[in-house]
Amino acid sequence: MTDETPYPAHLAFASRANTRISAALRGEDGHVWSPYSAAEALTLVAAGAGGRTRGELDELLGDLDGHAAALRAAAEGAPGLRAAVSLRIRSGLPVLPEFGAAPAARPASVRTADFAGDPQGVRREVNEEVSAATGGLIPELLPQRAVTAETQALLLSALLVRLRWKHPFDPARTALLPFRAPGGERKVPMMRGRFRLPFAETAGWRMASLIGHGGYRLDVLLPDDPAAAAPAGGVLDALYRSAVPARLDLVLPRFEITRRLDLARPLRTAGVRTLFSPAAELSGIVGAPLRVDSVIHQARLRVDEEGAVAAAATAVLADPGSTRRPAPPPLFLVDRPFCFALRRGPAVLFLGRVASPVDPLAG
């Protein structure tokens, strides 16, 4: 593994969960989510889990301490990246010292919350925290009634990334060009530039990676089959390992995408089932029975000529229980549904799919 290749356990988690999310949303316009934010929350939960609950999380996340270290390394010294994780525990439930000392729990801010007396006040406080952490891109993560008087714990992970391309697109070259969306062909603003970029192709997928300042990369993943919703297991790893620099004529839609998800369903289909059942073993957090009720996740990504802005937040709610003129570079034309990955070092910060681009600059 190099500093440009994601940590294997993290990439396996991201690919597996992304496949489940894509399957659950098949037929919709696209999705975006943050493997980083979700993994940060889940590694913290796993630090307080035992028995079958811990076993299922270990199976999904791989080496827990190594995974947590990879997340920290991805954020360390990252320009334009803000990450925050906090855990709110019901008043009267003390956090066990062993949990607070776990490597995965060290970044977390732990505090008590009056779930019983003022659940809506806690919800407002969490939403304000998320809005501040994401620069206002996610103003309301938790909907009405997401927090109740029975809530025992609330785990929050938030992420904001702002980056600029090392070689930006020239806005004067952006033009309306056809894009073959599922609902029919339509014209969208297409950015165009000739760059030397990491390029790879394997198993019916092609990849071109835009390079951002500060070690960021946006991988544009173009399938031969427009209906392909996500790269199959191992495809991302194969693309990353085989990438070589190439001069490309890249034509890419300007786009913005946002999505709110409850990750509980895709996590169940990925094998994490006990966590959401009365048999959940999370007493390593507060020494009292807990089970996870929902994993509310929201992410947003905007890509334009200058760079990208992305934000995500995850809330885990626990309830009881030559000299000649060279030939033109090959054309990398993104004129049909495509997938993307925004990453830095050992972590995948955002993953998703765009089926019908929405212009972030449209009024």
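The values are calculated or read from the model by the stated rules, or taken from the named source; none is laboratory data. Remember, predicted model here, so these are calculated numbers, not experimental data. Counting neighbours? That spans all protein chains shown, and the Cβs are built from the backbone with ideal geometry, glycine included.
Summary of values
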read-out: Options ALA270, ALA181: the member that is touching a strand residue (DSSP E or B) at 6+ places or on another chain (Cβ under 9 Å) and among the small types (Gly, Ala, Ser); value: ALA181
read-out: Lone qualifier among ARG241, ARG206, ARG247, ARG260 - being within 20 Å of THR314 (Cα to Cα), basic (Lys, Arg) and out of contact with any Cys (no Cβ under 9 Å at 6 or more places or on another chain); value: ARG260
read-out: All strands (runs of 3 or more DSSP E) inside segment 257-353 with 2 or more residues being more than 25 Å from ALA228 (Cα to Cα); value: 291-303, 307-319
read-out: Residues of segment 153-197 satisfying the condition of being among the aliphatic types (A, V, I, L, M) and in contact with a Ser or Thr (Cβ under 7 Å, 6 or more places away or on another chain); value: LEU156, ALA158, LEU159, LEU160, ALA181, MET190, MET191, LEU197
read-out: Residue check for VAL286: closer than 16 Å to LEU159 by Cα and either aliphatic (A, V, I, L, M) or modelled with pLDDT under 95 (or both); value: no
read-out: Selection within segment 150-200 - within 22 Å of PRO328 (Cα to Cα) and within 25 Å of the chain's Cα centre (by Cα); value: LYS166, HIS167, PRO168, PHE169, MET190, MET191, LEU197, PRO198, PHE199, ALA200
read-out: Residues of segment 228-252 classified as more than 15 Å from ALA341 (Cα to Cα) and part of a strand (DSSP E or B), total; value: 8
read-out: Only listed residue being over 29 Å from PRO289 (Cβ atoms) and either assigned to a loop (DSSP other than H, G, I, E, B) or outside the structural domain of PRO103 (by TED's automatic domain parsing) (or both), chosen from ALA23, ALA49, ALA17; value: ALA23
read-out: Selected residue [touching a strand residue (DSSP E or B) at 6+ places or on another chain (Cβ under 9 Å), more than 22 Å from ALA310 (Cβ to Cβ) and not charged (D, E, K, R)] from THR134, THR148; value: THR148
read-out: Total residues in segment 266-277, condition surrounded by fewer than 20 Cβ atoms within 10 Å (Cβ to Cβ) and under 16 Å from the mean Cα position of the chain (by Cα); value: 0
read-out: Flag for ALA347 being outside the structural domain of SER131 (by TED's automatic domain parsing), closer than 23 Å to MET190 by Cα, buried (at least 24 other Cβ atoms within 10 Å of the Cβ) and modelled with pLDDT of 95 or more; value: no
read-out: Output for segment 165-211, where each listed residue is touching a Pro at 6+ places or on another chain (Cβ under 9 Å) and β-branched (Val, Ile, Thr); value: THR174, VAL188, ILE211
read-out: Which listed residue is surrounded by fewer than 17 Cβ atoms within 10 Å (Cβ to Cβ), out of contact with any Ser or Thr (no Cβ under 7 Å at 6 or more places or on another chain), under 27 Å from PRO278 (Cβ atoms) and not hydroxyl-bearing (Ser, Thr, Tyr), from GLU98, GLU76; value: GLU98
read-out: Subset of segment 1-40 (residues that are β-branched (Val, Ile, Thr) and within 15 Å of GLY271 (Cα to Cα)); value: THR19, ILE21
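Per-residue answers, yes or no, for (1) under 28 Å from ALA78 (Cα atoms); (2) part of a loop (DSSP other than H, G, I, E, B):
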| residue | (1), (2) |
| --- | --- |
| VAL126 | yes, no |
| PRO139 | yes, yes |
| THR148 | no, yes |
| LEU155 | yes, no |
| LEU160 | yes, no |
| ALA172 | no, no |
| LEU176 | no, no |
| PHE179 | no, no |
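Here is a yes/no grid of residues against (1) crowded, with 16+ Cβ neighbours inside 10 Å; (2) of a type outside the set (Gly, Ala, Ser); (3) at pLDDT below 95:
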| site | (1), (2), (3) |
| --- | --- |
| ALA14 | yes, no, no |
| THR19 | yes, yes, yes |
| VAL32 | yes, yes, no |
| PRO35 | yes, yes, no |
| LEU44 | yes, yes, yes |
| GLY48 | yes, no, yes |
| GLY51 | no, no, no |
| LEU61 | yes, yes, no |
| ASP65 | no, yes, yes |
